[in-house]
Every structure is written in C-alpha cells, then in structure tokens.
Amino acid sequence: MAREGEGGRGRDHGRDDRDSEFVDRLVHINRVAKVVKGGRRFGFAALVVVGDQKGRVGFGHGKAREVPEAIRKATESAKRGLVRVPLREGRTLHHDVAGRHGAGRVVLRAAPAGTGIIAGGPMRAVFESLGVHDVVAKSQGSSNPYNMIRATFNALSREDSPRSVAQRRNIKVSTLQSRRQGVEADATDS
C-alpha cells in the first residue's frame, strides 16, 4: 500500500518541488451547456495564469465536465507556455508598451517604486504572477478576459531590456544608459 503523497508507481516524483515555485491564479470560469436528447450537459472552461514571480509567466485554457479538472488542464497548459519578461530592478517594466489582440487593447506603463499594481482583473493576475510590484495598466476596447490576457501577453512580448537593445545595436549598456540620462536631462531643461 502506497503512503499518502507518494503518487504510486513512481509517477510525479519531485513534482511538489517543481510546482511549489509557481503561483497560479484562476482568472475566469465559464459554464457552457450542450443540448442533447435528454436535456443539457454542462461543461466548464477555465482560464488560469501561472508565474514564478521572478519574471516568468504563462496562461492556459482548459475545458472539462468538472471545474477542478478544467482548472488542472488550464494550469498544465499555462506551465507549457511560460515566457520570460525582463523586469527593471525586479519590480517594474523597462519602458511603456502597448499590446492588442482582437478588439482588446492594453497600455502598460512603468511606474516609480511604491505605486503598486494599478490594473484591472485579468491584467492584475498576470502582473502578480509575473512578480511586478509597480505598474500602471489600462485596458481599452474588449473587456473579455481571454482577449485582455492575450493583449497583455502581446505587450509583454514587446518588452526589451537595455542589455538586449545594446546587444542588438552592438554598443555597451553603459553607453545606452548614458544616452538615456542625457535625453532626460534635456527634457527637464526645456
């Protein structure tokens, strides 16, 4: 007889260690009905966001006849599709960015320390899972959670770190940073 938590036959060995690093947030559950000869059959669709709060985040969609099964499928789907997002000082975005998916549009803005997460429901779940502490986000257009999540991921995919920009331009990061500080000084003089 297998002891509790062993998982039988060696399956899922070490799974608890791997899963403990991720935080998952249930964003939306949709109940759908299929009309059949004897009446209606209900099913559930779940939208889940998973992240490690250190710059990796993903979202997944799962459908099943029972809610827990739909959430489990969505969580597994989210873990398969994790993306890495560069963060400034591990707390905010490097620059302002916009994203869209279908009729959903989002604008994400970097914020100074202490601002907090100013964002609507589905976007807030993404930022909390990602590990962002200071950001201002605005959703425009569609309020459908699926479109908002996909638009947010579209915006995050456009996020660049100074290191990647410097590498692309074949210059040093310090040169890039000094140019930025020079532009900010000129803007304050005007």
Can you report the number of residues in the stretch 130-160 which are surrounded by 16 or more Cβ atoms within 10 Å (Cβ to Cβ) and polar (S, T, N, Q)? 6
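Considering only residues of the stretch 86-117 that are among the hydrophobic types (A, V, I, L, M, F, W, C) and over 15 Å from the mean Cα position of the chain (by Cα), which is farthest from HIS133 (Cα to Cα)? Before the answer, list the steps.
Of all residues in the stretch 86-117, those among the hydrophobic types (A, V, I, L, M, F, W, C) come to 87, 93, 97-98, 103, 106-108, 110-111, 113, 117.
Pick out the ones that are also over 15 Å from the mean Cα position of the chain (by Cα) and you get 103, 110-111, 113.
Values: ALA103: 27, ALA110: 10, ALA111: 9, ALA113: 8 Å.
Among them, the one singled out is ALA103.
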List every residue pair whose Cβ atoms sit under 7 Å apart, with the two residues 6 or more apart in sequence or on different chains, where the first one lies in the stretch 90-108 and is of a type in the set (Ser, Thr, Tyr) and the second, anywhere, is open to solvent by less than 50 Å² (accessible area, probe 1.4 Å). THR92/ALA110; THR92/ALA111; THR92/VAL132; THR92/ASP134; THR92/VAL135
Filter the stretch 45-86 for residues that are in contact with a Leu (Cβ under 9 Å, 6 or more places away or on another chain), part of a strand (DSSP E or B) and without any contact (Cβ under 8 Å) to a residue 60 or more places away in the chain; the one that is surrounded by the fewest Cβ atoms within 10 Å (Cβ to Cβ) is GLY62
Please determine, by comparing only the residues of the stretch 18-44 that are acidic (Asp, Glu) and not in a loop (DSSP other than H, G, I, E, B), which one is modelled with the lowest pLDDT. ASP19
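If we keep just the residues of the stretch 120-150 that are hydrophobic (A, V, I, L, M, F, W, C) and closer than 19 Å to ILE29 by Cα, which is nearest to the chain's Cα centre (by Cα)? If you could, list the steps in order and put the result at the bottom.
First pass over the stretch 120-150, keeping only residues hydrophobic (A, V, I, L, M, F, W, C): 123, 125-127, 130, 132, 135-137, 148-149.
Next, from what is left, pick out any that are closer than 19 Å to ILE29 by Cα: 123, 125-126, 148-149.
Details: MET123: 8, ALA125: 7, VAL126: 4, MET148: 11, ILE149: 7 Å.
Per the criteria, the residue is VAL126.
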Which number in (1) at negative phi; (2) at pLDDT 90 or above marks the one condition that SER161 misses? (2)
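The values are calculated or read from the model by the stated rules, or taken from the named source; none is laboratory data. Everything quoted here is computed from the prediction, not taken from an experiment. For neighbour counting, all protein chains shown are included, and Cβ atoms are generated from backbone atoms with ideal geometry for every residue, glycine included. When the accessible area is computed, the model is the full protein with side chains, heavy atoms only, and any ligands, DNA or RNA have been set aside. Shrake-Rupley method; radii C 1.70, N 1.55, O 1.52, S 1.80 Å.
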